[in-house]
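Input: a single structure, listed below in structure tokens.
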Amino acid sequence: MHDNGIHLITEVQGNIGSGINEYKDVLSWAFKKIGITHFSYVYLGYAPSEVDEAVIIGNYPEAWVELYESQSLFRTDPIINQSSKTSTSFFWEDTLKLNRNSEYIFNMSAEYGIEQGFT
């Protein structure tokens, strides 16, 4: 498995370009090879609750991303909130246990097939 992982990383490095679509396509392909169907990279700056828009790159369903952006859900997203507090990786379900007030975002994303994750 270790050798396959190194090979996959080498392939990604060799094929990734500078364009957002190329980046998204290569990462979608690489993640799919290891069983991950969706990914998203979200950048908000230093104060997530104060920004007006997010930079979102990934392959989540377009309808979900549009809803997420139009309702500024990134401001109250428990995953974004936890990510801004730590550099340690975590499973989303652990964050939900810490913050039941934001359960509605998890319920909404589940309607688009995004039910669990790792950040």
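What do you reckon, is Asp25 part of a helix (DSSP H, G or I) and more than 19 Å from Tyr104 (Cβ to Cβ)?
Taking the combined requirement at face value, the residue satisfies it.
Total residues in segment 50-60 satisfying the condition of being in a loop (DSSP other than H, G, I, E, B) and either loosely packed, with under 15 Cβ neighbours inside 10 Å or of a type in the set (Val, Ile, Thr) (or both): the figure is 3.
If you go through segment 74-98 and keep only what is of a type in the set (S, T, N, Q) and open to solvent by less than 40 Å² (accessible area, probe 1.4 Å), you end up with just Thr95. Please enumerate the residues belonging to segment 31-88 that are acidic (Asp, Glu) and modelled with pLDDT under 85. Scanning segment 31-88 gives Glu50, Asp52, Glu53.
The residue that is nearest to Leu96 (Cα to Cα), among those in segment 25-49 that are small (Gly, Ala, Ser) and open to solvent by 60 Å² or more (accessible area, probe 1.4 Å), is Ser49. For segment 61-73, the set of residues classified as of a type outside the set (D, E, K, R), open to solvent by 40 Å² or more (accessible area, probe 1.4 Å) and not in a loop (DSSP other than H, G, I, E, B) consists of Ala63, Ser70, listed by residue number.
Within segment 95-114, the set of residues being of a type in the set (A, V, I, L, M), part of a helix (DSSP H, G or I) and either closer than 21 Å to Pro61 by Cα or in contact with a Leu (Cβ under 7 Å, 6 or more places away or on another chain) (or both) comprises Ile105, Met108, Ala110. Of all residues in segment 74-94, those satisfying the criterion of being in contact (Cβ under 8 Å) with a residue 24 or more places away in the chain and part of a helix (DSSP H, G or I) are Phe74, Arg75, Pro78, Ile79, Ile80, Asn81, Gln82, Ser83, Trp92.
The values are calculated or read from the model by the stated rules, or taken from the named source; none is laboratory data. Computed from a prediction, not measured in an experiment: that's the story for all the values here. We place every Cβ from the backbone using ideal geometry, glycine too, and count neighbours over all the protein chains shown. Ligands, DNA and RNA are excluded from the accessible area calculation, which covers all protein heavy atoms including side chains. Shrake-Rupley method; radii C 1.70, N 1.55, O 1.52, S 1.80 Å.
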